[in-house]
Amino acid sequence: MNNGNYTVMIAGIAKSGMEDYVKRFLKQLMQHSRKDKGCITYNIHQSIDNPSEFMVYMQWKSKEAFEQHNQKPEMQQFKHELAKEMFEEQSPKTYWHLLD
């Protein structure tokens, strides 16, 4: 049984020379996203072994809350334009439920 929360993880490798820009951009995105209705956790991680690698870990109260967040104009712009400019490689998003 799950508690209804919806967890999303995605990782990517920044293009060479873009690491500082990506870090600043993702931190801004995190600060805005944490204010979104239904956001429980929104964290950005940078790899210790490879500073070009970033991971986003999000937890939402529901799938609907995540989808509502994902439809915001800044998220659409990030998904369709900016991510291609900043990252040389991205993993597919994975979706999870916390078991209790």
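What follows is calculated from the coordinates using simple rules that are stated; it is not laboratory data. Just so it is clear, the model here is predicted, and its values are computed rather than measured. Because the Cβ atoms are built from the backbone with ideal geometry, glycine has one as well, and the counts that use them run over all protein chains shown.
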Looking across the stretch 13-44 at residues that are outside any strand (DSSP E or B) and touching a residue at least 60 places away in the same chain (Cβ under 8 Å), the single one that is farthest from residue 88 (Cα to Cα) is 25
Selection from the stretch 51-97 of residues that are of a type in the set (Ser, Thr, Tyr) and closer than 16 Å to residue 34 by Cα | 57, 62
Quickly run through the stretch 52-100 and pick out the residues that are among the charged types (D, E, K, R) and in a strand (DSSP E or B).
-> 53, 88, 89
Can we say residue 92 is touching a residue at least 60 places away in the same chain (Cβ under 8 Å), loosely packed, with under 11 Cβ neighbours inside 10 Å and more than 18 Å from residue 24 (Cβ to Cβ)?
-> yes
Here is a list of conditions, (1) surrounded by 14 or more Cβ atoms within 10 Å (Cβ to Cβ); (2) outside any helix (DSSP H, G or I), and residue 49 meets all of them except one; can you say which number that is?
-> (1)
